[in-house]
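Single-structure report; data block below.
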Amino acid sequence: MSENKGKKIPVAAFSGTLEIGNSELPCYVLDDGTRVFSTTGMLVSLGFKSNVNAREVLTARAIKPYIDRGKDARGLKLIEFDTGGYGKAIGYDVEQFMDVCQAFSKAQDAGVKLTPRQLTASKRANMLLRATSKVGIIALVDEATGYQHVRQEQELQFKLKLFLAEEMRGWEKTFPDKLWIELARLTDWHGEPTKNRPRYWGYLVMELIYRYLDPDVAEYLKDNKPKPRKGQNYHQWFTEDYGVRKLVEHINQVIGMAQACDTIDELKKKMKHVYGKEPLQLEMFIDDHDKRELPTKIDMPFDEAMAKIAKAGK
């Protein structure tokens, strides 16, 4: 059963057929960057019938001990996706398919008694492993789907597609209260951090969150910024499945580091050390005139502060 039940499933952005010997494997590059083989194509390439149950194949007594990722087929992640024209499909990450091939190969090498079908699968698995050992399965899939032709020149566009949503999204729960509580403690601010926040926290969010999150995305927001207004903030433009997930992961990392610090300057130094780089400069969002007028601690609704930052970048 798919692990994506109830969730928005990824869509195939590129598709093709990978030919290895006499095997033809339908392959896809999903819009979250994952490369997958369809389960049916994967099993047929190993010599099984198209209607065979994948779990039964991978949990067979002769094969089960040799599955590397987890102790049985449950350790292999099934991925449900939209093929982008032919309905939904179920597949495996292409690198996990290599794990399956390794399992059949190891079973044969160990002298395990195999059924005729399993023996055929192990021979085909060895062929697939030899064919992919030099180039790599990722490169082969990118070539078969045509993704290699756009991978480099559209790398930024693809990343932005993952991060930035085409439409605004709700945002109230994206920034947890813990972040504001830690900022209040580190800046010695004694107001109610979960309700009204001082203006200059907007600059801290820009510095500690967006600029460390991804330089390319931060640069895009600088040049093509969806200007925050009351009720509209930068993170509302992040996609639900990828952008928000990365944003939340980064926020939680910042909260963890903040809890180990006593001042905001200590947090900045710790982040510089952990990430091994300087954050993008504040100048990319505000001009010299606005910097001279930047107050230190002025109580202002947070949304208005973010709007002020955007206005400063005009």
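Only one of the numbered conditions (1) modelled with pLDDT of 75 or more; (2) among the hydroxyl-bearing types (S, T, Y); (3) within 19 Å of the chain's Cα centre (by Cα) is not met by Y203, and that is (3). Considering the conditions (1) of a type in the set (A, V, I, L, M, F, W, C); (2) surrounded by fewer than 20 Cβ atoms within 10 Å (Cβ to Cβ); (3) within 27 Å of I9 (Cβ to Cβ), A110 is excluded by exactly one of them, (3). Please go through region 16-44 and pick out each residue that is of a type outside the set (V, I, T), touching a residue at least 12 places away in the same chain (Cβ under 8 Å) and over 22 Å from D82 (Cβ atoms). Within region 16-44, E19, G21, S23 qualify.
The values are calculated or read from the model by the stated rules, or taken from the named source; none is laboratory data. As the structure is a prediction and not an experimental result, all values here were calculated from the model. Ideal geometry is used to build each Cβ from the backbone, glycine not excepted, and the neighbour counts take in all protein chains shown.
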